[in-house]
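These notes are about the structure you will find just below.
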Amino acid sequence: MRESSPILAGLRQRIARLATSGGFESRPAGGWLESGHARFDAAIGGGLAAGRTHEFFAADALDATSAAAFAALIALRTPGKAPLIWLRTTDAGKRTGHIYAPGIAELGGDPDRLLLVETADPKMLLACANDAIRCAGSAAVIVESWGKFPLFDLTAGRRLALGARDAGTTLLMLRLNAVPAPSVAETRWSVAAAPSQELEANAPGAPAFALELLRWRGGPAGTRWRLDWNHDEKCFGPNAGDAALSGALLPLPARRAMASHGAAAA
Amino acid sequence: MRIASIDTAALAVGLRVGMPLADARAQVGELAVVPHDPVLDQDWLDRLAQGCARYSPLVALDAPDGLILDIAGAEHLYGGEADLVADVERRLARLGLNLRHALGPTADAARALARYQTRPAPDEGQAIRRLPVAALELEAEATTALVRAGLKTIGDLASRPMANIAARFGADAAMALRRLLGDAPSPLDPRIALPPVVAERRFAEPLGSTAHATKVLAELVGEAIGDLAERGKGGRHFRATFFRSDGLARSIAIETGHPTRDTGLVMRLFAERMDSLADPLDPGFGFDMIRLAVPRLEALGATQLKLEGGAVRAANEGAAMDELADRLATRLGRGRVRRLRPADTHIPEQAQLELPAADAPLPLAWPAPEEGEPPTRPFHLFDPPQPIEVIAEVPDGPPHQFRWRRQAHAVRRYEGPERIAAEWWRRRDNGGLTRDYYRVEDAQGRRFWLFRHGLYDEKPNPRWYIHGVFA
């Protein structure tokens, strides 16, 4: 196509260049936080991309522990001794409970890798998250918030995402008791507890998670997963108790009510 | 209500300590009265003591209203004892304080002279001998007994044989007398332990701006770190004290998780600390002295320098992470940046300690997970446990349904009880209630850790609690 003005042609070329390689999100990730479940990882392009922001929404206020445990386990799965920085506000211990190291040790994680940072308010939380994210060498940074987080708007989210990209750290936003909203996150998940595989004498079994991929920059969203945590292998596996759903990729419309999936899965 | 303390003006019009307030009011119409607050007094004395650290590092509190300074070997810095005393009086007068001072060969002698001397004397020995026997600060009866025996001054007492005094007025009287005369040691209990490394700077003209003070502090940090490098040590704790020309002082401390000799890091932490101060550093009439102390040292090997200058980057990979932890701890407070450490107990809420990240780890290991078994401890723990209402099929059986935070949960699966007894060997009554823990899963698949506090034969109607939530 011939352009009447060379300036216009130059600008068009520049836009085309930006569109194919320009945005920071389109750069290849430096690595992945893998779940250990091959099909799950493959479906999201290799795992949770390192150096990006990932959001975990608890499907219900009572699912806070499941969301927190999923984020912690996927970060603590990484080999080595790199610390997992966990930022929360002072009142989090009263609401969702104190992070309990013997429980983490029994899940196969190393509690010595945890560095807990407690801040008085969400404003300080965000300021400390900005510092933590710019410090290379952590397994991941978990920022736990409860309820609406008006300070964490698109600008704040983008600032964190840019910091994470530059330092190559992975930011896991743990949004408890919050409604998913647009953000710059690479992936956005809704996490709920799932019924576990029953053991002898009707005892509850290994931790089970019901996940819904609400958004993924690299592809279609709306898939649901049922994962079991295997603490011996230190990996997530297909939910053994539910043969029909076992690791199956269930394409579902992206705009489905979230609250129903506990019941749908059961 | 009685008068606890008065100023000179009140003394002049005839008021006395211990007088009822109503009498005092009747005597003097316009009386300014402030409630007596011993804690605030103590705090004020402590701040004065901190300010007096400029004269000598050995400052002891003599509550409620005295300070004892060991100026041995320090007076020449001010041009002699008299000049030093003049400097103390000048500074404290600016704070509106009336001072009585005395110099003595021992701490007890100086203290007694400051508090009880009424008549001038040619030298210290004579002055002590002319003190009243009240200066021994014995009990009121013992003092009265001494006076009745005709012994009115320390000199009278000292001329008698010590054995007689001990026999008649008690060993305490003899001991107090020997201390006062310098025959027995009267050790000082200094408020501040001596830091091993100190760098300080005094200014002829007070510094009026905090920015200048920070610049000087950076130089002091450089000096102190040079000193540390010579000793092969690194600092873990740095404390800057800013002495104001009006006699008050303000201390700012930082702490690092690992020994350091990095001036940049120390200054970044100081800047972080100053930014996060609730009441910012106030120069007032200006700082006339800044002192940097490094109270805590740890061994740190010498660093290799590159040929072209500049230090080789330390091989420590976690250096950036350590600095982050230090920076956050400086901003938020030491206890807000924590690591989890195991504790040797089977009581669940005591099995983990949340300790400041700067503290050294304990040599204890976490329990290893049992193969093929689901976790028996929750991911989140409530401390204290939260009460719930439970319906059980049989009184001492597992829960069938429970209500927590106004929401009912039907129990589908359970495991238990896991019985955890109280640590009776640590309790005075050798008792304590046993807890029966159940791992339960509700209809939605959420897993909880519930317990009944007390067996039915320990307590008639034991309560149920939720202690944690499993992943």
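The values are calculated or read from the model by the stated rules, or taken from the named source; none is laboratory data. Quick caveat: nothing in here was measured; it's all calculated off a predicted structure. Reconstructed Cβ throughout: ideal geometry from the backbone, glycine too, with neighbour counts over all protein chains shown. Heads up: the accessible areas ignore ligands, DNA and RNA and are worked out on the full protein's heavy atoms, side chains in. Shrake-Rupley method; radii C 1.70, N 1.55, O 1.52, S 1.80 Å.
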> In peptide B:322-329, what is the residue-averaged number of other protein chain Cβ atoms found within 10 Å of each Cβ?
Replying inline: 5
> In peptide B:463-470, how many Cβ atoms from other protein chains are near each Cβ within 10 Å, on average?
Replying inline: 4
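Can you classify the range B:49-112 as rounded, prolate or oblate using the Cα gyration tensor, where a ≥ b ≥ c are the square roots of its eigenvalues, rounded means a/c under 1.5, and otherwise it's prolate if a/b beats b/c and oblate if not?
Working: a/c = 1.40, a/b = 1.03, b/c = 1.36.
Rounded, since a/c falls under 1.5.
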> Which of B:Val216, A:Ala58, B:Met274 sits closest to the plus end of the dipole of the protein assembly as shown, meaning its Cα is farthest towards the positive end, when Lys and Arg get +1 and Asp and Glu get -1 on the C-beta?
Replying inline: A:Ala58
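Ignoring ligands, DNA and RNA, please state the percent of accessible area on chain B from carbon and sulfur, probe 1.4 Å.
Numbers: 13170 of 25490 Å².
It is 52 percent, rounded to a whole number.
Once you mark the GluC sites (Glu not before Pro) that are in a DSSP loop and have at most 16 other Cβ atoms within 10 Å, what is the longest gap between them in chain B?
B:140-307
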> the range A:91-107: which residues show an accessible-area loss of 50 Å² or more, assembly versus chain alone, 1.4 Å probe?
Replying inline: A:His98, A:Tyr100, A:Pro102, A:Glu106
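Classify the protein assembly as shown as rounded, prolate or oblate from the Cα gyration tensor: take a ≥ b ≥ c as the square roots of its eigenvalues, call it rounded if a/c is under 1.5, otherwise prolate when a/b beats b/c and oblate if not.
Details: a/c = 2.79, a/b = 1.75, b/c = 1.60.
Judged from the Cα gyration tensor, the protein assembly as shown comes out prolate (a/c at least 1.5, a/b above b/c).
Students sometimes get this wrong: rank B:Trp425, A:Trp189 by accessible area, probe 1.4 Å, all chains present, largest first.
Numbers: B:Trp425 135, A:Trp189 0 Å².
Listed by decreasing accessible area, they come as B:Trp425, A:Trp189.
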> Using protein heavy atoms only (no ligands, DNA or RNA), what is the total accessible area buried between B and A, 1.4 Å probe, nearest 100 Å²?
Replying inline: 5100 Å²
> Of all the Cα-Cα pairs you can form in the range A:84-204, what percent are over 19 Å apart?
Replying inline: 53 percent
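Ignoring everything except DSSP H segments at least 4 long, calculate the 222 nm mean residue ellipticity for chain B; use -39,500 (n - 2.57) per segment, divide by total residues, nearest 500.
Details: 13 runs with 139 residues, N = 471.
The helix-only estimate for chain B comes to -9000 deg cm²/dmol at 222 nm.
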>> Residues of the range B:379-393 that become at least 30 Å² less accessible with every protein chain present than in their own chain isolated, using 1.4 Å: which are they?
In response: B:Phe379, B:His380, B:Leu381, B:Phe382
> Heavy-atom accessible area per residue, the range A:123-187, 1.4 Å probe: how many Å²?
Replying inline: 38 Å²
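Ignoring ligands, DNA and RNA, what accessible area per residue does chain B give at 1.4 Å, in Å²? All intermediate terms of the calculation are to be shown ahead of the outcome.
Numbers: 25490 Å² over 471 residues.
Accessible area per residue: 54 Å².
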>> Can you compute the modelled spin-label distance between B:Ala167 and A:Lys94, with each label point 7 Å from Cα toward Cβ, in nm?
In response: 7.0 nm
>> With θ taken as phi - 60° and the coefficients 6.51, -1.76 and 1.60, list the Karplus ³J(HN,Hα) couplings across the range B:320-329 in order, rounded to whole Hz; mark glycine and proline as x.
In response: 5, 5, 4, 5, 4, 4, 5, 5, 5, 5
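Largest first, what is the accessible-area ranking of A:Lys234, A:Lys148 with a 1.4 Å probe? Write down the numbers at each step before the final one.
On the way: A:Lys234 80, A:Lys148 190 Å².
The ordering from most to least exposed comes out as A:Lys148, A:Lys234.
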> So what does A:Arg77 come to for accessible area, using a 1.4 Å probe and Å² rounded to 10?
Replying inline: 60 Å²
> When every alpha-carbon pair in the range B:89-245 is counted, what percent end up more than 25 Å apart?
Replying inline: 54 percent
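In a shell of Cβ-Cβ distance under 11 Å around A:Asp112, excluding A:Asp112 itself, what net charge do Lys and Arg (+1) and Asp and Glu (-1) give?
Details: positive: A:Lys81, A:Arg113, B:Arg339, B:Arg341; negative: A:Asp110.
Charge balance near A:Asp112 sits at +3.
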>> Using a 7 Å offset from the Cα along the Cα-to-Cβ direction at both A:Ala127 and A:Asn202, what is the distance between the two label points in nm, to one decimal?
In response: 5.4 nm
> Taking the Cβ of A:Leu76 as the center, what net charge do the other residues with Cβ under 12 Å away carry, scoring Lys and Arg +1 and Asp and Glu -1?
Replying inline: +2
> Name the residues of the range B:332-373 whose accessible area falls by at least 30 Å² when all protein chains are present instead of the chain alone, probe 1.4 Å?
Replying inline: B:Leu332, B:Arg336, B:Arg338, B:Arg339, B:Leu340, B:Gln352, B:Glu354, B:Trp366, B:Pro367, B:Pro369
> So what is the relative contact order of chain B, in percent, for Cα pairs below 8 Å that sit 6 or more residues apart?
Replying inline: 9 percent
> How far is it, in nm, from the label point at B:Ala12 to the one at A:Arg39 when both lie 7 Å from their Cα along the line to the Cβ?
Replying inline: 9.6 nm
>> What does the charge count around B:His346 come to, taking other residues whose C-beta lies under 13 Å from its C-beta (Lys +1, Arg +1, Asp -1, Glu -1)?
In response: 0
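Might you report the magnitude of the Cβ-based charge dipole of the range A:40-109 about its Cα centre, with Lys and Arg at +1 and Asp and Glu at -1, to the nearest 20 debye? Please list the in-between numbers first.
Numbers: 6 positive and 6 negative charges, 54 e Å.
Its charge dipole is roughly 260 debye.
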